[in-house]
1. Looking at (1) closer than 11 Å to TRP442 by Cβ; (2) assigned to a strand (DSSP E or B); (3) not aliphatic (A, V, I, L, M), which is the only condition THR516 fails?
2. Is it true that ALA157 is farther than 30 Å from ARG74 by Cβ, surrounded by fewer than 16 Cβ atoms within 10 Å (Cβ to Cβ) and small (Gly, Ala, Ser)?
3. Filter the stretch 11-29 down to residues that are surrounded by fewer than 18 Cβ atoms within 10 Å (Cβ to Cβ) and under 12 Å from VAL78 (Cβ atoms), then give me how many there are.
4. Counting just the residues of the stretch 12-59 that are basic (Lys, Arg) and outside any strand (DSSP E or B), which one comes out modelled with the highest pLDDT?
5. Looking only at the stretch 210-232, count how many residues are at pLDDT 90 or above and surrounded by fewer than 18 Cβ atoms within 10 Å (Cβ to Cβ).
6. Identify the residue in the stretch 373-389 that is touching a residue at least 24 places away in the same chain (Cβ under 8 Å) and of a type in the set (Gly, Ala, Ser) and, among all such residues, is farthest from ALA246 (Cα to Cα).
7. Where residues in the stretch 382-407 are surrounded by 11 or more Cβ atoms within 10 Å (Cβ to Cβ) and touching a Ser or Thr at 6+ places or on another chain (Cβ under 9 Å), which of them is modelled with the highest pLDDT?
Amino acid sequence: MVRYDSLLVRELARELDDALRGRPASALRLDPDARRASLELADGALLLELHPTRGWILLGSAPPAAPDVRRLHRSSRVRGVSAPPDERLLRIELDGSTSETRPIRSIVVELMTNQLNLLALDDDDRIVAALWPRNAGGRDLRPGRHYTPPTASARQAVHEPLSDDAFRAFQYGRDPAASLVRNIAWTSTLNAHALATYDDYVRLLFGPARPALVRRADGAVQPYPQPLDDDATSAPSLLDAMRRAAGAPAAVASESSVDPELIDRVRREITRIAARIERLEAQQERALPQARALRAQGDVLLARLHEVKRGATRVSLADFEGGTLELTLDPKLSPAENARAFYDAARKRERAAERLPAVIADARARVGALESLVARAEAGAATTQDVEAALPPATPVDAKGEEVVLPYRRYVTSGGLEVRVGRSSRANDELTFHHSSPNDVWLHARDVAGAHVVLRWPDKEANPPQRDLAEAAVLAALHSKSRTSGTVAVDWTRRKYVRKPRKSKPGSVLLERAKTLFVEPNEAVERRMRAL
């Protein structure tokens, strides 16, 4: 897929403005399922492939079919294409009107990673149509709502370069590239590695565009307004580079032996994980501010305990800055216990702030792996078995079409094997005897209460790789009463050697041919294995 940064969007807007300004436009076509849109022109079409696995923006000869077609007035023309400074957003302005009550006056294309979207707006910037109706970080992107753009960039040096000395100041520290991306306009993870000197910075970010196909850090090739290294392939224009990059997989798609519906399932999985990443990023952004606020409330309450009566539900206390702080309390707790509750809530959010970057990174890695799988499947380099192994099992539904809650949590080892962890004592029985196969590997922490764990393994002749087995054992240790121990003994055997005595308690079983692993209950392993 194409990854956009503000520099790519800026130069793409310039090219599109030159190519489209003044051209008649007759219809806007939306295909929400394919995440595809097209602006029908008198002599062709602007095609916007906004699925997370694609991202191409192309000038074509004819618009594709679409279920939602918004006709424009016959006098409609493209007035211009622009991009706000240092933003990943295109705005296509239209003259004329539609035949509908609310005319489409502009088309906004949002190009944030994994959140590509298109919105058609009226004169008042109210949304007439949305390719992907959704709530995005508090922005309601649905028809009838007023359009709120993403939070504007607040980075430095938007309109002219930094001075040489100011640029050099960012070259010190443990991670100069990250410091640039955080603070300086037009920089990104795509181009930061190429900004080794001040001359590079000025030439690449403020010099004339030199379109090229560049290779990203993940190995993918994509269009970019500057050749970032010697391996880049020059192109006449960004739109030409976009067309070349989009055409590469299409040329070999016919060689694929994988069912297209299976590939679409992978794409839907990418979309699902992308939405989860968005939620996690919003949670990460809120975690530390919430922790600071909760800790401040605990500090004020602890300093004013003598002013608070036991059983109070709300109290107003003077803070340390001359203001007043309104606190909501649990009447069942003493004032001191309420203060501790504020501190506990603050620590919970601080732990989340520490944990979430790794979870988000794992989710991004999962998206990257699935995107690579789609490319290989379309090129005929991946098999049906490869694709099926990368997908989570379909969620079962009951006779009414409602999702059935499975008795286990699902994880994936570093080797790609599925691990199932029972949710409760009764769920343990369900997992072991109804949601596993005889040759699967069954694990449980020795001599303590805990979850049944099943490592899915079809080979009856060989044991699973040691690393995958050890990761499954870590899950058994973590989901047991020995989770706080330094080392935990975990018994394992084939599931066919596990039996349940008659009239025994839920979750109670007897093992045969068991072996033992000793593992450390490492939560980082569990985070890495969570099935996204």
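The values are calculated or read from the model by the stated rules, or taken from the named source; none is laboratory data. Fair warning: this is a prediction, and the values are worked out from it, not measured in the lab. Because the Cβ atoms are built from the backbone with ideal geometry, glycine has one as well, and the counts that use them run over all protein chains shown.
1. That leaves (1) as the condition not met.
2. Numbers: farther than 30 Å from ARG74 by Cβ: yes; surrounded by fewer than 16 Cβ atoms within 10 Å (Cβ to Cβ): no; small (Gly, Ala, Ser): yes.
Criteria not met by ALA157.
3. 7
4. So, considering only residues that are basic (Lys, Arg) and outside any strand (DSSP E or B), the one modelled with the highest pLDDT is ARG14.
5. The qualifying residues number 1.
6. The extreme case among them is ALA389.
7. To start, the set of residues in the stretch 382-407 that are surrounded by 11 or more Cβ atoms within 10 Å (Cβ to Cβ) comprises 382-384, 386-393, 406-407.
Imposing the further condition that a residue be touching a Ser or Thr at 6+ places or on another chain (Cβ under 9 Å) reduces the set to 382-384, 406-407.
Numbers: ALA382: 75, THR383: 79, THR384: 81, LEU406: 84, PRO407: 89.
Checked the stretch 382-407; the qualifying residue modelled with the highest pLDDT is PRO407.
Table: residues versus (1) free of Cβ contacts under 8 Å to residues at least 24 places away in the same chain; (2) part of a strand (DSSP E or B); (3) surrounded by fewer than 15 Cβ atoms within 10 Å (Cβ to Cβ).
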{"site": "VAL419", "(1), (2), (3)": "no, yes, no"}
{"site": "ARG426", "(1), (2), (3)": "no, no, yes"}
{"site": "GLU430", "(1), (2), (3)": "yes, no, no"}
{"site": "SER437", "(1), (2), (3)": "no, no, yes"}
{"site": "PRO458", "(1), (2), (3)": "yes, no, yes"}
{"site": "ALA476", "(1), (2), (3)": "no, no, no"}
{"site": "TRP492", "(1), (2), (3)": "no, yes, no"}
